[in-house]
Amino acid sequence: MIYKLVVPGPIEDVDEVRVLEWHGAEGRAVAPGDLIVELETHKALIEVRAAQAGILRKIACAPGAWRAPGQLLAVLSEGPEDELPSSPEALECLSVEFYIT
């Protein structure tokens, strides 16, 4: 199954967050509790951690990029054999979100 990782939210008084650092490259396996990406608001640092196992398949934004709550950060899957959608628009339209802590 394919999952999308989105900016958590809503976050009070925050319209956008900045992507600070990805912890691993595309193809990295993640386990529950693993740090995936760090985000920054004007007040705080947000650590996005996996709540389930998966594989980081596609990073949708580079460090320094700004994203609103609910916007796509990355695409993950249960296994490497899961076929990713072919277009960026199809990635944005994925309906299943990857659970984060």
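The values are calculated or read from the model by the stated rules, or taken from the named source; none is laboratory data. All of these numbers come straight from a predicted model, not from anything done at the bench. Reconstructed Cβ throughout: ideal geometry from the backbone, glycine too, with neighbour counts over all protein chains shown.
Conditions tested, residue by residue: (1) touching an Asp or Glu at 6+ places or on another chain (Cβ under 7 Å); (2) of a type in the set (Val, Ile, Thr); (3) at pLDDT below 85.
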residue	(1), (2), (3)
LEU45	yes, no, no
VAL48	no, yes, no
ALA74	no, no, no
GLU78	no, no, no
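Remark: pairs (first residue in the range 30-42, surrounded by fewer than 21 Cβ atoms within 10 Å (Cβ to Cβ); second residue modelled with pLDDT of 95 or more and in a loop (DSSP other than H, G, I, E, B); Cβ separation under 8 Å; 6+ apart in sequence or on different chains) = ASP34/HIS23; LEU35/HIS23; GLU38/HIS23.
Within the range 31-45, which residues are under 12 Å from the mean Cα position of the chain (by Cα) and hydrophobic (A, V, I, L, M, F, W, C)? Passing the criteria: LEU35, ILE36, VAL37, LEU39.
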